[in-house]
Amino acid sequence: MKNRSLVSINDFTKEEILKIVRLAAEFEANPNQDLLKHKVIGSLFFEPSTRTRLSFETAISRLGGRVVGFSDSSSSSTSKGETLKDTIRMVSNYTDLIVMRHPMDGSARYAAEQSRVPIINAGDGSNQHPTQTLLDLYSIKKTQGTLENLNIFMVGDLKYGRTVHSLVQAMSHFNPVFNFIAPEELRIPEEYRLWLQSKGIKFYEHNEFTDIISRADILYMTRVQRERFVDPIEYEKVKNVYILKNAMLSNTKDNLRILHPLPRVNEINCDVDANPKAYYFQQAENGVYARMAVICFILGLV
Amino acid sequence: MNKKKELSVNAIKEGTVIDHIPAHNLFKVISILGLDHCDNLITFGTNLGSERYGKKAIIKVADKFFENEDINRIALVAPDARLNIIRDYEVVEKQLVTVPDEIIGIAKCFNPKCITNNEVITTKFLVVQTKPLALKCYYCEKITIEEHLKIH
């Protein structure tokens, strides 16, 4: 993996995923190290993102590295009309690694072709967000003790949610059972259904968000994002369909944990937050350790 | 039967006949092969009867012989096309088109948010299925199907 970019979760083998999960646990136990001393990391956020950017920059700072970059394309030369190619060529001359978030689908793969240093994709439009997937996997491993043979329920926007698609692909290494709960308009796309079938992985689709969650090990909630809809009426129709309330958790398994890539709007009621099964804030914290692991792995430091 | 077809479009002495083009893709084939910027004598017929397509098109290009890699570029829009190489009014060789595993250039990604539609980039696709055609963009990973296919 050394000096290879991380663009899509499929760029990692099962063994590499497991290695990142192990490393993340090591970094959590010992988060302040000097592994990135004298390293300069480009943090190029062509669209704003609070959680992902702060999580990356925290990971780099705790490991003694320095960050250069921008948090919004209006403060970069993109606003003067510079192409992505030119920006990447330039920044890759200055830095040891580039973390990039960009609104266009496929921008990360293109940047990786143009760059002299590895690129970590921190989200390219609606396409991929592999470090989110790795932190999800770390959170699952940490709370369940294993990634194997779990019953995973995914709820909400399964059509446009890139975190859902990447997590489905990554978990497929570990013999899961999937239950997809979504309105017809937002059901998991056919390409993923066919892909799961071809791998022989069991999955069930439901329209109703009912007590079937009593069998879940992981409940992965997602937000229905307004910006994914061309037609605002379609958005209004589905935005409030599935809301998780604390009362719904009474018959669920003890080991159940609720994950959410955040930010949430109203799809998880605030009364769930105090339930020990709510795990989404720790999940966000795990992002720092998972990103430490990815950065050091790619730079060949661990 | 064959003779009747030949009569629909004038015969050529030397050159290439491209047959079994789906009629609705004739102009895409012309554009891919650059025949719209070619000085040779070209005749074509379209909406000819065909058992395979209902309607097919045929192009005859005088004094031109294509390289394999040129001709495979039309595989996207005319996967069943057949080439007849003509010497002195006789068919001396027949060629079939093969769909390559990877398509570089030629096609446009249907996804308006794909980086290839927003910056000057040569497109690249993996052919995931030939019939019906499905191309996976190397960059945005979205699938372009034949219905949405546009040629550069």
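With a 1.4 Å probe on protein heavy atoms only, tell me which residues of segment A:119-156 lose at least 30 Å² of accessible surface in the complex relative to the chain by itself.
Buried by the other chains: A:Asn127.
Total Å² of accessible surface buried at the A-B contact, 1.4 Å probe, nearest 100?
When A and B are taken together, about 1300 Å² of accessible area is lost.
Taking the inverse of the average 1/r across all pairs of different Cα atoms in segment A:130-284, what Kirkwood radius in Å do you get?
After inverting the mean inverse Cα-Cα distance, the result is 15.6 Å.
Which whole-Hz couplings ³J(HN,Hα) result when phi for each residue of segment B:13-20 is put into the Karplus expression 6.51 cos²θ - 1.76 cosθ + 1.60, θ = phi - 60°, listed in order with x for Gly and Pro?
So the Karplus estimates, Gly and Pro as x, are 7, 10, x, 10, 10, 9, 10, 6 Hz.
Grab the DSSP H runs of chain A that are 4 residues or longer, score each as -39,500 (n - 2.57), total them, divide by all residues and round the 222 nm result to the nearest 500 deg cm²/dmol. Mind dumping the intermediate values first?
Details: 9 runs with 109 residues, N = 302.
Roughly -11000 deg cm²/dmol at 222 nm, from the helical runs in chain A.
On full extension of the chain, what length is gained from A:Phe281 through A:Arg226, given 0.36 nm per residue of separation minus the C-alpha to C-alpha distance?
Details: separation 55, 0.36 × 55 = 19.80 nm, distance 2.29 nm.
Here the segment from A:Phe281 to A:Arg226 would lengthen by 17.5 nm.
So what is the accessible area of the protein assembly as shown per residue, in Å², with the probe set to 1.4 Å? Please list the in-between numbers first.
Details: 21250 Å² over 454 residues.
Roughly 47 Å² per residue, with all protein chains present.
When the Kirkwood radius is taken over all Cα pairs of chain B, what Stokes-Einstein diffusion coefficient follows at 20 °C and 1.002 mPa s, in µm²/s?
For these conditions, the coefficient is 132 µm²/s.
Once you compute Rg and the Kirkwood Rh from C-alpha atoms, what is the Rg to Rh ratio for the protein assembly as shown?
Using only Cα positions, Rg/Rh for the protein assembly as shown is 1.07.
What is the distance, in nm, between label points placed 7 Å from the Cα along the Cα-to-Cβ direction at A:Asn246 and at A:Asn3?
Each label point lies 7 Å from its Cα, and together they span 5.5 nm.
Using a 1.4 angstrom probe on heavy atoms only, work out the carbon and sulfur share of the accessible area of the protein assembly as shown in %.
So the carbon and sulfur contribution to the accessible surface is 48 percent.
To the nearest whole number, what is the average tally of beta carbon atoms from other chains within 10 Å of the beta carbons of peptide B:135-146? Before the final figure, lay out each step's value.
On the way: counts 0, 1, 4, 4, 11, 12, 11, 5, 3, 0, 0, 0.
What the average comes to for B:135-146 is 4.
I'd like the residues of segment B:92-124 whose 1.4 Å-probe accessible area shrinks by no less than 50 Å² going from the isolated chain to the full set of protein chains.
B:Lys113, B:Ile115, B:Glu119
On a 0 to 90° scale, report how tilted helix A:130-144 is relative to the longest principal axis of chain A, with both axes built from alpha carbons and the result rounded to the nearest 10.
Helix A:130-144 sits roughly 50 degrees off the main axis of chain A.
The values are calculated or read from the model by the stated rules, or taken from the named source; none is laboratory data. Note that the structure is predicted; figures quoted are calculated from it, not measured. Reconstructed Cβ throughout: ideal geometry from the backbone, glycine too, with neighbour counts over all protein chains shown. For the accessible areas, the whole protein counts, side chains as well, though only heavy atoms, and no ligand, DNA or RNA atoms are used. Shrake-Rupley method; radii C 1.70, N 1.55, O 1.52, S 1.80 Å.
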